[in-house]
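Please read through the structure below; I'll follow up with questions.
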Amino acid sequence: MALLNEIIEAATDDKVPVGTLLRKCLVLEHQVRNEKFKRWLDQELDGYTGGQDEMPSYRVFNCVNRGNFIGSAYQLNDQPLSLHIMQEKDRKLVEKCVLHQPAAAYEGRPDKTTDASLPWNPHITTKYQTKFFKDSDLVLNRAWQEIPGSVLVGLLEQVRNRVLRFALELKDALPANSTDASQVPKSVVEHSVVNNIYGGNILIASHAQNFSQISQTNLAEGDSAGLVKALAELGVTQEGISALQAAMKADRDSGQESIGTKTKGWLADVRKYIAKEGAKAGFEVAKQAATKWVLQHYGLLPPG
């Protein structure tokens, strides 16, 4: 109870550094022994190394890109950049900002309302230095992603709030007259981690066996309702299911009776429709299952 109370007090006190709060949680993890909780703590303490698909939603956001241009007679500073001129692979590198550093790295700014910035990779700046003003001698000298101060404040608030809800729920679940968090049932800890730390959405490698079991489901040809149900159980978001339905309709409208280009495109991008937040994902298992069901729906793969 003492440790849980300390964590609750630290989470509600903005003067307690978020790094201190997370280290207290690391001690708590050694009592409750939950791998998902440990992974989240390790990444918030040490930083995230995975790609955008493996990041919590509060660490990824659409951003404004700005740049400084230098010409022979004058220069333009802090100009918003229109990314439509960029190749898709390059645009994807800068249209979203991904905050990989430890949570503590975003704390301690004197003015929390001040925007921050993340510089472009120099090779991208060089590649597009003459592309923005084609009929001018203005050259892109420096470019960066603009990070609103409110985003960094929000990141820290998310961390504190998730820890607070988790600690409060564990405290409520303690057996009568017990002060030891290790006495909280493992199933309660697991449920609380998923719902409070990961926001209810999690797809991680340790769950691969569960997904493998789900993937044993087989569909009859043309079973649209079964396809939707199976995908939802797998963890495909409603947005993803709607996108698949739209793709299949577009293929039908274009005269493609079997699986068409739009549907194939959806399968290629299915990763982005899998509910995930903050953990290394077993996406391949999910992708294989989704592909199997779509093929069975079209009668291109027999059940079983």
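The values are calculated or read from the model by the stated rules, or taken from the named source; none is laboratory data. Small disclaimer: the values here were computed from a predicted structure and weren't measured. Glycine also receives a Cβ, built like all others from the backbone with ideal geometry; neighbour counts cover every protein chain displayed. Protein only, heavy atoms only, side chains kept; ligands, DNA and RNA dropped before computing areas. Shrake-Rupley method; radii C 1.70, N 1.55, O 1.52, S 1.80 Å.
Past 28 Å, Cα to Cα: identify those pairs from Lys38/Lys264; Lys112/Lys171; Lys38/Lys272; Lys24/Lys272, in the order given.
Lys38/Lys264; Lys112/Lys171; Lys24/Lys272
In whole Å, what are the Cα extents of the chain along the three principal axes, biggest one first?
Dimensions of the chain along the principal axes of its Cα atoms: 77, 62, 23 Å.
Okay, next question. Go ahead and set up a Gaussian network model of the chain, Cα springs under 10 Å, then flag whichever of Ala290, Ala225, Ala250 fluctuates most.
In this elastic network of the chain, the residue with the biggest mean-square fluctuation among Ala290, Ala225, Ala250 is Ala225.
For n ≥ 4 DSSP H runs only, could you compute -39500 (n - 2.57) per run for the chain, divide by its residues and tell me the 222 nm figure to the nearest 500?
The per-residue figure over the chain is -14000 deg cm²/dmol.
Additional query: Which aspartates and glutamates does Lys292 reach when only Cα atoms under 14 Å apart count, and residues fewer than 8 places away in its own chain are ignored?
The qualifying aspartates and glutamates are Glu221, Asp223, Glu284.
In terms of solvent-accessible area of protein heavy atoms at a 1.4 angstrom probe, what is the ranking of Arg142, Arg109, highest value first? Please list the in-between numbers first.
Details: Arg142 110, Arg109 55 Å².
Per-residue accessible area, sorted high to low, gives Arg142, Arg109.
Could you pull out every Cys in the chain that lacks a partner Cys with its beta carbon under 4.7 Å away?
Isolated Cys, the chain: Cys25.
Given 5 Å bins starting at zero, what is the percent of C-alpha pairs of segment 1-71 in each, up to the one with the largest pair distance?
All Cα pairs considered, the percentages come to 3, 13, 19, 18, 16, 11, 7, 5, 4, 3, 2, 1, 0.
I need the Kirkwood Rh of segment 88-202: take the reciprocal of the average 1/r across all distinct C-alpha pairs and report it in angstrom.
For segment 88-202, the Kirkwood estimate is 18.1 Å.
What percentage of the solvent-accessible surface of the chain, computed with a 1.4 Å probe over protein heavy atoms, is contributed by carbon and sulfur atoms?
50 percent
Right, here's the next one. Measuring from centroid to centroid over Cα atoms, what is the spacing of segment 1-22 and segment 38-67 in Å?
Taking the Cα centre of each part, segment 1-22 and segment 38-67 sit 22 Å apart.
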